[in-house]
Amino acid sequence: MTSREQTILESIELLRRNQVLTQMLDEQAASYLGINTTDARALDVIDQHGRITAGDLARELRLSTGAVTTLVDRLERAGYAKRTHDPDDRRRVLLEVTPTVRALSAKVYGSPADAIAWADAFSDDEIDVLVRYQRMGKEWLEERLARMDRLSADKRVRKGRKRLEGHGRA
């Protein structure tokens, strides 16, 4: 194995470990907030968008719109999210996080200033590589998720066929 291949594999192992650590941190953050991890993930998605419709949130989280309605009700009761009317279309409702979420998030994850200070160890070129790596990783993950959707759909079809075969004519 070449040195380059070893470095690539080390990068993958570190990424896998960081994913586990991220999940552990997110679980503890959700516990700290008194919510479940799905609700915490929803807060993250809402925060990433600034404002988002419930339908778009449902698509991003891969949940039914009914499940998202219940989820948003819980987040509103906890004081972490709120529904607001779209200023451009009063019939449309948008979701946004509350200032409480931003304050608690900074406590748990650090502030944007903390992230910028952490990144001072990197040159501009290194930061460009990190951003490129993250973008490529996002695309890779989206492709794998689409692949899993296809595999799951194929599995459901095969399972349905087996059920039908068992009830066919003799």
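Here's the yes/no breakdown for (1) within 21 Å of E142 (Cα to Cα); (2) touching a Leu at 6+ places or on another chain (Cβ under 6 Å):
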site	(1), (2)
M24	no, no
N36	no, no
R41	yes, no
R51	no, yes
K82	no, no
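L14 passes all but one of (1) part of a loop (DSSP other than H, G, I, E, B); (2) open to solvent by 80 Å² or more (accessible area, probe 1.4 Å); (3) aliphatic (A, V, I, L, M); which number fails?
(1)
Filter the range 97-112 down to residues that are open to solvent by 30 Å² or more (accessible area, probe 1.4 Å) and outside any helix (DSSP H, G or I), then give me how many there are. Steps first, answer last, please.
Step one: list which residues in the range 97-112 are open to solvent by 30 Å² or more (accessible area, probe 1.4 Å), which gives 99-100, 102-109, 111-112.
Pick out the ones that are also outside any helix (DSSP H, G or I) and you get 111.
The qualifying residues number 1.
Say whether the condition of being part of a helix (DSSP H, G or I), touching a strand residue (DSSP E or B) at 6+ places or on another chain (Cβ under 8 Å) and not aliphatic (A, V, I, L, M) is met by at least one residue in the range 25-35.
Residues of the range 25-35 that are part of a helix (DSSP H, G or I), as a first pass: 25-33.
Next cut, touching a strand residue (DSSP E or B) at 6+ places or on another chain (Cβ under 8 Å) only: none.
No, the range 25-35 has no match at all.
How about the range 1-29: which of its residues are touching a helix residue (DSSP H, G or I) at 6+ places or on another chain (Cβ under 9 Å) and under 22 Å from A40 (Cα atoms)?
L15, Q23, L25, D26, E27, Q28, A29
When the residues of the range 53-92 are filtered to those that are at pLDDT below 95 and part of a strand (DSSP E or B), which remaining residue is most open to solvent (accessible area, probe 1.4 Å)?
R91
The values are calculated or read from the model by the stated rules, or taken from the named source; none is laboratory data. Just so it is clear, the model here is predicted, and its values are computed rather than measured. For neighbour counting, all protein chains shown are included, and Cβ atoms are generated from backbone atoms with ideal geometry for every residue, glycine included. When the accessible area is computed, the model is the full protein with side chains, heavy atoms only, and any ligands, DNA or RNA have been set aside. Shrake-Rupley method; radii C 1.70, N 1.55, O 1.52, S 1.80 Å.
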